[in-house]
1. Taking the options Ile101, Ile114, name whichever one is of a type outside the set (S, T, N, Q) and in contact (Cβ under 8 Å) with a residue 40 or more places away in the chain.
2. Does Trp65 qualify as being surrounded by fewer than 12 Cβ atoms within 10 Å (Cβ to Cβ) and of a type in the set (Phe, Trp, Tyr)?
3. Given the conditions (1) without any contact (Cβ under 8 Å) to a residue 24 or more places away in the chain; (2) in contact with a Phe, Trp or Tyr (Cβ under 7 Å, 6 or more places away or on another chain); (3) over 28 Å from Glu45 (Cα atoms), and given that Lys125 satisfies all but one, which numbered condition is not satisfied?
4. Which ones in the stretch 79-127 are among the basic types (Lys, Arg) and surrounded by 13 or more Cβ atoms within 10 Å (Cβ to Cβ)?
5. All but one of (1) farther than 25 Å from Leu43 by Cβ; (2) of a type outside the set (A, V, I, L, M); (3) touching a residue at least 60 places away in the same chain (Cβ under 8 Å) hold for Lys93; state the number of the condition that does not hold.
6. Those residues that are under 30 Å from Val158 (Cα atoms) and either assigned to a strand (DSSP E or B) or β-branched (Val, Ile, Thr) (or both), I need them from the stretch 74-85; list them, please.
7. From the list Tyr60, Tyr135, exactly one residue is hydroxyl-bearing (Ser, Thr, Tyr) and buried (at least 16 other Cβ atoms within 10 Å of the Cβ). Which is it?
8. Tyr60 fails exactly one of the following numbered conditions: (1) at pLDDT 95 or above; (2) closer than 16 Å to Val18 by Cα. What is the number of that condition?
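The values are calculated or read from the model by the stated rules, or taken from the named source; none is laboratory data. What you see is a predicted model; the values in this text were computed from it and never measured. Counting neighbours? That spans all protein chains shown, and the Cβs are built from the backbone with ideal geometry, glycine included.
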Amino acid sequence: MFPEEQRKIFQGFRTPEVGWDMIVNHNLFIEEILGKLGTVRQLTEEEMAYYREPFRKAEYRKPVWRWPNEVPIEGKPEDVTKAVSEYNQKLQKSNIPKLLIYGEPGALMPKPVIDWCVKNLSNLKTVNIGAGIHYLQEDNPHAIGLEIAKWYQSIPAV
């Protein structure tokens with residue numbers, strides 16, 4: 001269910017020398033994905049400075065490099081694939097209230113993924129908050145907060 005275009009990008013991140021160079025040496029997640037590709041609006045230099053701060057030095061970026069290597073693609077890594085699969089099955093069987101916030105055009109949540117969620121997850125509320133790519137909190141922070149508050153207030157007390 002991982003979108004094909006994003007799968008190819010993540011496979012590049014997982015190629016040992018290439019991924020390390022892109023993510024650690026060039027700080028790709030902050031400078032390119034967040035700074036240029038992941039939002040509809042252009043972040044200010046002040047906003048970017050906050051995102052850069054924890055990753056000022058290349059050695060601080062190892063966890064950022066580790067993360068795409070843990071995203072399950074084509075059954076690898078096996079332990080994460082197993083955990084995600086088990087969690088997916090539990091969510092499909094659970095009637096617990098769920099909220100899916102997405103934006104358009106979106107990145108990792110294209111329409112087929114959202115449609116799958118609607119079809120397979122009971123007690124799911126979906127909310128399109130408008131324009132957004134990946135970092136929805138940067139494009140629509142107030143809409144996200146309002147939707148979470150409305151959804152939470154709609155959950156029956158137990």
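1. Values: Ile114 fails: in contact (Cβ under 8 Å) with a residue 40 or more places away in the chain.
Answer to the selection: Ile101.
2. It is false that Trp65 is surrounded by fewer than 12 Cβ atoms within 10 Å (Cβ to Cβ) and of a type in the set (Phe, Trp, Tyr).
3. Evaluating Lys125 over (1) without any contact (Cβ under 8 Å) to a residue 24 or more places away in the chain; (2) in contact with a Phe, Trp or Tyr (Cβ under 7 Å, 6 or more places away or on another chain); (3) over 28 Å from Glu45 (Cα atoms) leaves (1) as the failure.
4. The answer is Lys98, Lys125.
5. Result: Lys93 fails condition (3) only.
6. Listed by number, the list holds a single entry, Val84.
7. Tyr135 is the lone residue from the list that is hydroxyl-bearing (Ser, Thr, Tyr) and buried (at least 16 other Cβ atoms within 10 Å of the Cβ).
8. (2)
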